[in-house]
1. Of the residues in the stretch C:1-45, how many are among the aliphatic types (A, V, I, L, M), touching a Ser or Thr at 6+ places or on another chain (Cβ under 9 Å) and open to solvent by less than 20 Å² (accessible area, probe 1.4 Å)?
2. Which residue is farthest from D:Asp7 (Cα to Cα), if the candidates are limited to the stretch D:145-156 and must be open to solvent by less than 10 Å² (accessible area, probe 1.4 Å) and part of a helix (DSSP H, G or I)?
3. Has the stretch B:236-244 got at least one residue that is under 30 Å from A:Asp7 (Cβ atoms) and open to solvent by 10 Å² or more (accessible area, probe 1.4 Å)?
4. Within the stretch C:182-197, is even one residue within 14 Å of chain D (Cβ to nearest Cβ) and surrounded by 24 or more Cβ atoms within 10 Å (Cβ to Cβ)?
5. I need a count of the residues in the stretch B:262-309 that are open to solvent by less than 40 Å² (accessible area, probe 1.4 Å), within 20 Å of B:Asp140 (Cβ to Cβ) and hydrophobic (A, V, I, L, M, F, W, C).
6. Are there any pairs, at least 6 apart or on different chains, whose C-beta atoms fall under 7 Å, with the first in the stretch C:157-175 and open to solvent by 30 Å² or more (accessible area, probe 1.4 Å) and part of a helix (DSSP H, G or I) and the second modelled with pLDDT of 95 or more and not polar (S, T, N, Q), and if so, which?
7. Given the condition open to solvent by less than 10 Å² (accessible area, probe 1.4 Å) and either outside the structural domain of B:Thr23 (by TED's automatic domain parsing) or closer than 30 Å to B:Ala155 by Cα (or both), answer yes or no: does some residue in the stretch B:218-227 qualify?
8. Are there any pairs, at least 6 apart or on different chains, whose C-beta atoms fall under 9 Å, with the first in the stretch D:38-52 and more than 18 Å from D:Leu185 (Cβ to Cβ) and the second hydroxyl-bearing (Ser, Thr, Tyr), and if so, which?
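The values are calculated or read from the model by the stated rules, or taken from the named source; none is laboratory data. It should be emphasised that the depicted structure is a prediction, and the values quoted were computed from it without experimental measurement. Every residue, glycine as well, gets a Cβ built from its backbone with ideal geometry; the counts of neighbours run over all protein chains shown. What goes into the accessible areas is simple: the full protein's heavy atoms, side chains included, and nothing from ligands, DNA or RNA. Shrake-Rupley method; radii C 1.70, N 1.55, O 1.52, S 1.80 Å.
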Number of protein chains: 4
Amino acid sequence: MYSFRNDYSEGAHPKVLQALADTNLRQTVGYGMDPCCQAAADTIRRLCAAPDAAVHFLVGGTQVNLVTIDAFLQSYEAVVAAQTGHVSTHETGAIEATGHKVCTVESPDGKLTPALVESVLAGHNGTEHMVLPRMVYISDTTEIGTVYTRAELAALRQCCDVHGLFLYLDGARLGSALTSPDNDLTLPDLAALTHAFTIGGTKNGALFGEALVLTRPMPHFRWHMKQRGAVLAKGRLLGLQFQALLEDGLYFDLARRANELAFRLRDGVAALGYPFPVASPSNQQFPVLPNETVAKLQEMGYEFETDHPVDANHTCIRLVTSWATPETAVEDFLRDLAGC
Amino acid sequence: MYSFRNDYSEGAHPKVLQALADTNLRQTVGYGMDPCCQAAADTIRRLCAAPDAAVHFLVGGTQVNLVTIDAFLQSYEAVVAAQTGHVSTHETGAIEATGHKVCTVESPDGKLTPALVESVLAGHNGTEHMVLPRMVYISDTTEIGTVYTRAELAALRQCCDVHGLFLYLDGARLGSALTSPDNDLTLPDLAALTHAFTIGGTKNGALFGEALVLTRPMPHFRWHMKQRGAVLAKGRLLGLQFQALLEDGLYFDLARRANELAFRLRDGVAALGYPFPVASPSNQQFPVLPNETVAKLQEMGYEFETDHPVDANHTCIRLVTSWATPETAVEDFLRDLAGC
Amino acid sequence: MYSFRNDYSEGAHPKVLQALADTNLRQTVGYGMDPCCQAAADTIRRLCAAPDAAVHFLVGGTQVNLVTIDAFLQSYEAVVAAQTGHVSTHETGAIEATGHKVCTVESPDGKLTPALVESVLAGHNGTEHMVLPRMVYISDTTEIGTVYTRAELAALRQCCDVHGLFLYLDGARLGSALTSPDNDLTLPDLAALTHAFTIGGTKNGALFGEALVLTRPMPHFRWHMKQRGAVLAKGRLLGLQFQALLEDGLYFDLARRANELAFRLRDGVAALGYPFPVASPSNQQFPVLPNETVAKLQEMGYEFETDHPVDANHTCIRLVTSWATPETAVEDFLRDLAGC
Amino acid sequence: MYSFRNDYSEGAHPKVLQALADTNLRQTVGYGMDPCCQAAADTIRRLCAAPDAAVHFLVGGTQVNLVTIDAFLQSYEAVVAAQTGHVSTHETGAIEATGHKVCTVESPDGKLTPALVESVLAGHNGTEHMVLPRMVYISDTTEIGTVYTRAELAALRQCCDVHGLFLYLDGARLGSALTSPDNDLTLPDLAALTHAFTIGGTKNGALFGEALVLTRPMPHFRWHMKQRGAVLAKGRLLGLQFQALLEDGLYFDLARRANELAFRLRDGVAALGYPFPVASPSNQQFPVLPNETVAKLQEMGYEFETDHPVDANHTCIRLVTSWATPETAVEDFLRDLAGC
């Protein structure tokens, strides 16, 4: 039985593995200063229409978040996030461990808006007795699968400019976001509207890796990376993977496929009468099932996360698809759910 | 022309790549809780004759050093290292960034001895006005290629026990150390004599990865890892690689070969009359060459690091071999050096 | 015109100043290891009926909070506080700067309850992906003037014991709390029910100083203090002040007087028809006044903090009394308010 | 018997106490924003001929060092100090606890020179694999009593300018330094030649307090202070003390007197034939005595620190005088030493 637990249950897309194999005995300098990383960075700059952006490659999501946020902030500055934000909940205090407060605000759909950001600012008086919120952290897709529109992101950036804040977008699932039917953002938009954003590889075809795009000059960013143990010795592995994924659009093809399978799941589950409290236009779906149905599916061997209990008899579960999800896995699941 | 710059210029041993390819579409849980990591941990416990040891897999050397040292120490405690120690010099203050002082002492051969450790302790008065040295950091091989003997390591451990210190051995180049002609240590010795040590994969056949062996119970070690961004989402990649390297001794075969090529280099360079200030029985060799010879080699395309200037006309260079170094590269280098 | 801005607008009670003058040329050892600090610590242990408690003297509130919380927590552990908690709002991220997350929960009256604490715990899954809440931070009086009862504190401690949490009570305004008509707690209760609590001097008769009572053995607490710059060279100044305040009950006399003046203010303001959204039985009072009245009082020269706007035309202000507030200041204020 | 243990064994100069008493019931705003601090800051700016300097008042030496160094440095930057430097040895890793490495170099006389600073720089390669030394920390007087000349400080500053380093001078014993016969520095010199320096009050007439002079604009310095618990609630206590000490030169009178008593001690001890390995022109003197003589003095009740053993039979001790040392204490000591 298939695991819908997450989008990093398998390895890498075969083209990525092939790229590693093809170059395996080629010698390069270490630490991401090699031609593979330079080529991938050039590709990303080109796709982003951002010739002056700096591109860094890091191994994982918590790592890139803690290094980036710490690099942008002075020690008395804080980052604003939705209460569901990954940096607030699921990184074991990684941001605080670098010395910075995460100021959270409840968001019904996992997204931040100018009004929500300003409600956080309103709770800070600008004196030395309180932290200074200086960065806004968002993720696209969000932790609950929603996506930002261009207008929403532009409004956030305008809000940030008014208040002197940096805007950082965590794109761990950026592929799913940019290929969502609800999306109208492009990579050039992201480069124009954020001070930093990531293009997540781990959840969309790579063995691992997050590409960080910095549109603001940060000459010592590599010092921050190294100090946090975030420089991969054989950095080229990151460059090779991103080049394989991005040079010809494979990254978006994979994400589109993951989304389509998620929608097939969604539509099939909904057709069986199960509700979805939050509409998700991406590769994470959150239906509510009776607890006994959840148990039956688990007994059959299906794996997924139980997001939260809805009431005594129902649970909201999370189903995640990826580039690697077989169509048959979706069909099997829907058939088995119908039989529950 | 070959680069002798380091032992992580190429990718991974083909068996490692094959293991990744063979299991690519297998689904596993994330974060190193998968069967591949469990199998590799079991292998390591077996090879170490340490059934109760905890084994964690991390991506890189600075990462494993900062997480481990911080996890062992209270905030007012410090780590003792040789002045050449990697944690002191080449990790951009990563240990200090977790809040801990690195107390250094000069060591002629890169190794720490009970006398050197005690000289550091003697400089600390045990009051609350000074840090409390609590851990000894050593590396095997050291940064200058030397290796510890069993007697030396046992003496250090005894010294640590007397003074209530933890002993941590950074084995980024442990393969080269354990297969060195000067070595009489075994993995069970390391497990018995240290509180923690690493088995380095990056420099000996893996794409990346350091296996950390903890012989002291540390129930929350994974919290420390996660907080520092040191948990790989597809953790199985680490387990697979270490299993491939360690299950049948490949790890040591590769290291032995790297050493043998280094000795061939050493003997050839020495035969040409160039001195080696420090005798290195491992895969890093440090000959002293006239500056003009260094320049000629570089013009030919050879790559290597210049360790330090010896005098106005001579430079100590570093030549590093690895499992991937072709025999012909050594022969070519010696022939071309002879022709300088 | 008097300033009701806070309870640290004046210097020290004359008896405290006299104690400093009387002992001025006496030589003592530094850093709080002197007989004055020992005597004060003995007095506190006696008053707390806690012969085994450790007592440390620190200069200020943010300082004692950051040192204590950091000393109790491992790096992946967090502290739970009310959203209004001083450590969460008004210490410029001091706790986060030591690496720890502050997990907050909204509390209508500024107090934490077992239910509120457990709601925070429920949001943490106990895995290494989230911080581990390990300490509960409360203040008595709270930031909005409320006080804990013995039953409430006992329930919190029981909750902490069930969940393996430390309980820390910030007593910056402990004098006002313990002499409040709503209070039934004693110093021995505090010593029995908390793992650590402070007796605030700054806001109740001292020039400065917070006495920290640790009922849990923490042998290296002074190392934590020193590392954070929290050891006063002439530590005896702290011991002398606390001894002067506590040896014969002056501390409680001063607090009782401050409370009584606050109640006179409260009753007088209420008699003029102004509402108090939260009933405060201590030396901080929070009436709601029309904005024009606020402005008139300020024009007259009265000083106070405006806590928050209530609506477009009304503001909640904070009036604080202290041991040093003259009775005439209260009478003048009430008369002038009546004339507004 | 008198204690020559240090220069903070007594309270404050009577004029300082009087200033506190005279203003005791005056109300002021808190946190150092009061007229007393403004007046003292103005006095300091005038004495320093530095009308644009920012002046902050902090409670203690470790506190001001850790706040200042952290405020000047980015996280990957380090501070250079003599191996005997207070920040390196006697602050329990306070600088490292803020995340910064202290790079040390041995100095025969406790002072740094351009050559010593450049030897540290030479050990750093400027890449992201090593910290970037960015500040030079010196103290005047040094930990072993020596003082800087104007030429020496100017040379250091020039060296700092060449290499892009900040120069910070810890003046915990600045009074003793500026009134030393070997000194030719003035406060305006210090303001012109350093980016930051402190005027120590604790060891020269105040109850406590260090005035920090920042000649470089640092608009958020108070945020750094507050985050480290280094803002005194009744900040005026600091302003009042420094104003009392500095407005009419008392500070220098007190220091001159301490020096003169130290020289009387030095000359008397030397006349008895005891050597002084390092010549100290300030209020700390380091004679070498036979161990049995040390023991006899201690039996008589004299207190002092034993700096370090010289050989099996001799110890270097430290004798410290202050503004409060009675002349008779010096005479008694010399007489009793002569009788040993």
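1. Going through the stretch C:1-45 one residue at a time, the tally reaches 0.
2. Applying the filter and picking the extreme gives D:Leu156.
3. yes
4. Within the stretch C:182-197 (the criterion being within 14 Å of chain D (Cβ to nearest Cβ) and surrounded by 24 or more Cβ atoms within 10 Å (Cβ to Cβ)), the answer is no, since none of the residues qualifies.
5. 3
6. C:Arg157/C:Leu167; C:Arg157/C:Leu193; C:His163/C:Leu121
7. yes
8. D:Asp52/D:Thr215
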